[in-house]
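Peer 1: One structure coming up, written as C-alpha cells, with questions to follow.
The values are calculated or read from the model by the stated rules, or taken from the named source; none is laboratory data. Only a predicted model underlies this, so the values are computations on that prediction, with no experimental measurement involved. Using ideal geometry, Cβ is built from the backbone for each residue, glycine included, and neighbour counts are taken over all protein chains shown. Accessible surface is based on the protein model in full, side chains and every heavy atom, while ligands, DNA and RNA are left aside. Shrake-Rupley method; radii C 1.70, N 1.55, O 1.52, S 1.80 Å.
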Amino acid sequence: MMTGRFTSAPCRTLAVGLLVGSPLASAGVAFENGDLKGEYSLSASATAINSHNANFGLGRLDLRSGEPSSKENYAWQEYYLKPGVTFEYSVSPDFAFLGGGSLVAAGTTGDGDPGGYTRGDEHNTSVEEAYAGFRAGDWRLTLGDQNFMVGNGFLVMDGNLDQFGDGAYFSAPRTAFRDAGVLSWQHGMASAQAFSLRTDDHLGDLRMSGANLDLKLPTATLGAMAFYVDSLDSKQNAFIPRDGMDVYNLRLLNASLPDLEALQFNGEYAIERGSGKGIDYDASAWYASADYSFNDLPLQPSIGYRYADFSGDNDPSDGTRKDWDPLSKGYVDWGTWVIGDIVGNYLLYNSNEKAQTWRGKLHFNEQWSAGAQYHQFKLNSNYYFGTPVSDRDFANETGVYVEWMPTEHIYTSLAYNWVDPQAGAKEALGNDRFDTLEWFFIYKL
C-alpha cells in the first residue's frame, strides 16, 4: 500500500532547463527609447505523454482526494503560453531603475499524469513575475515575484510546483518565488546575494532567507550558501515539518584540470540542521560527478557518471527528521535535478535515495542530437513514504531521447523511458515495468 506520498516534491522544470542551457536562451525582441531599454519575450510550449503501468501496476493515487485508482495507463497533454517584458531606465552610467513581469496561461488535458498531481481538467492563467528594483554600480536590488537560482539548482531554483489546479506539472512553466527580495553584488570573480524567497502553497508556503557566495576561478567555481526556513503554513508544516530548518551548502562546479578542459567535475555537500515545533533536523545530501567530452571526434560524444546521496529516516517516530528535504530544487538538464523522467517525477524526489547515473550523448550536427541515461536507485532507509520495506533496492530506469533544434527559436524532443522495479519497489508498489513516451515542443521568441 502506498501511504504518505511526499506531495510537495519539486517536479521537472523542463522549459526553464532548456532555456538556461541551450541556444534557445537567445534574446527576445529588444526595444530602446532614450534612456529606457528592455526586451519583450514569449514562450509557447506543448507536451504529449503516454504512460503504462503507473506505479509499477499499482495504479494512481489522486493526491487531492486521496482516492486510489486501479487504472494503469495514462495519456495526457500539456500546454502553456508565457509572455513577458523586462526594462531598465538609466539615470546615470552607474544607476538605473529596472523591473519585469510575465504571465503564464497553462493547462493539462486528457487523463492527467500517473503521479496524481493533475487530473486532465486544469486550466489556469496567473501572474508569474512582477518585480522592480535598481542597479547601482556593483549592486542590484529586486523586490517582488521573481526567479532566482543558486549554482545548478541543486537546492534553490523552482518556487512553484505546478500541481493540482495550476496544470502543466511535467513541463512546469512557473518557477518564480513570491514576495521575494534579492540583493546582489558582483565584482570581478566574486559575487554574492542576500535573499528572502517564498514558495507557492504546494511547496509548503516556505520562506527561505539567507546568503550565497560564489568565486569564479579560471578552472572552477566555488560556492557557499546558508539559509533559514520559515514555514508560513501550519497545516503543511504539520504534514512535512520544515519550520526552523537551517540549511548549509558547499559546492565545486565546472571544475577542470588546466591541460584537460574536456574533463569536468562537479560536486556539492549540504546539511539540514536546527529545530522546529517539536522536531529536530539532521539530514544531509551530496553528489559528485565527472563528464568527458570528445570534442575532436566525429559526433562529439560525451560520457558521464554521477553518484548522488540523499539521506533517509529509519526511525520516523524519534522526533528527529533525518530524511533530506529537496526544498526548491530545479531542472537544468536531463537528469539534473529530476533524476529519471519517471522516478524523479512520480516515485522518488531527491530524498531517501542513493542514485547512480551513467549518461552519454551524441551531436550529429547543430540541429540534431541524441542521448541516453541509466539510473540505479536504492532507498536510504527501510521505508518508502511510510511503508516498511525489507530490501532497499528500488528501481532501475533507462531513458533514451532525440533532440531537434531547427532554429534558435524552436526546440523539440522525443524521449522513451522505462523503469524496472526491484525488490523494494515490488514490496511497496507493484511488479510491472513502468514506461513513458514523451514529446515536448517549445518556441521562444
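Peer 1: Please give the per residue accessible area of segment 39-111, computed with a probe of 1.4 Å over protein heavy atoms only, in Å².
Peer 2: Values: 3200 Å² over 73 residues.
Per residue, segment 39-111 has 44 Å² of solvent-accessible surface.
Peer 1: Which one, Ser126, Ser209, Ser43, is farthest towards the positive end of the dipole of the chain when Lys and Arg carry +1 and Asp and Glu -1 on their Cβ?
Peer 2: Positive-most Cα among the choices belongs to Ser209.
Peer 1: Size of the dipole of the chain about the Cα centre, Lys and Arg at +1 and Asp and Glu at -1 on the beta carbon, nothing else charged, in debye to 20?
Peer 2: Rounded to the nearest 20 debye, it is 160 debye.
Peer 1: Using r as the Cβ-Cβ distance of Asp35 and Asp391, and R0 as 60 Å, what FRET efficiency do you calculate, to the nearest 0.05?
Peer 2: 0.35
Peer 1: At a 1.4 Å probe radius, carbon and sulfur cover how many percent of the accessible area of segment 322-364?
Peer 2: Details: 520 of 890 Å².
Roughly 58 percent, rounded to a whole number.
Peer 1: Here's a follow-up. Probe of 1.4 angstrom, ligands and nucleic acids ignored: what's the accessible area per residue over segment 247-289, in square angstrom?
Peer 2: Numbers: 2210 Å² over 43 residues.
Per residue, segment 247-289 has 51 Å² of solvent-accessible surface.
Peer 1: Arrange the peptides 69-78, 150-159, 287-296 so that the one whose residues have, on average, the most other Cβ atoms within 10 Å appears first. If you can, show how the numbers build up before the last one.
Peer 2: Values: 69-78: 17.0, 150-159: 24.9, 287-296: 14.7.
Descending packing order for the listed peptides: 150-159, 69-78, 287-296.
Peer 1: Can you give the accessible area of Ile303 in Å² (nearest 10), computed on protein heavy atoms with a 1.4 Å probe?
Peer 2: Approximately 90 Å² of Ile303 is accessible to the 1.4 Å probe.
Peer 1: Report the accessible area of Leu183, computed with a 1.4 Å probe over the heavy atoms of all protein chains in place, in Å² rounded to the nearest 10.
Peer 2: Spelled out: Leu183, probe radius 1.4 Å, area about 70 Å².
Peer 1: Given a 1.4 angstrom probe, what's the average accessible area per residue across segment 315-445, in square angstrom?
Peer 2: Details: 4750 Å² over 131 residues.
Per-residue value: 36 Å².
Peer 1: Grab the DSSP H runs of the chain that are 4 residues or longer, score each as -39,500 (n - 2.57), total them, divide by all residues and round the 222 nm result to the nearest 500 deg cm²/dmol.
Peer 2: Numbers: 3 runs with 20 residues, N = 445.
The helix contribution divided over the chain gives -1000 deg cm²/dmol.
Peer 1: While we're here: With the dipole of the chain worked out from charges on the C-beta (+1 for Lys and Arg, -1 for Asp and Glu) around the Cα centre, which of Trp324, Leu347, His52 lies farthest toward the positive end?
Peer 2: Comparing the listed Cα positions along the dipole, Trp324 ranks first.
Peer 1: Under Stokes-Einstein, with the Kirkwood radius over Cα pairs standing in for Rh, what whole-number D in µm²/s applies to the chain at 4 °C and 1.567 mPa s?
Peer 2: Values: Rh = 22.5 Å.
My calculation gives 57 µm²/s for D.
Peer 1: Now for a different question. Can you pull the percent of segment 126-233's accessible area that's carbon plus sulfur, 1.4 Å probe, other chains left in place?
Peer 2: Working: 2370 of 3900 Å².
Carbon and sulfur: 61 percent of the exposed surface of segment 126-233.
Peer 1: Too long at a 31 Å Cα-Cα cut-off: which of Lys216/Lys378; Lys277/Lys329; Lys329/Lys361; Lys322/Lys444?
Peer 2: Details: Lys216/Lys378 34 Å; Lys277/Lys329 24 Å; Lys329/Lys361 24 Å; Lys322/Lys444 42 Å.
Correct reply: Lys216/Lys378; Lys322/Lys444.
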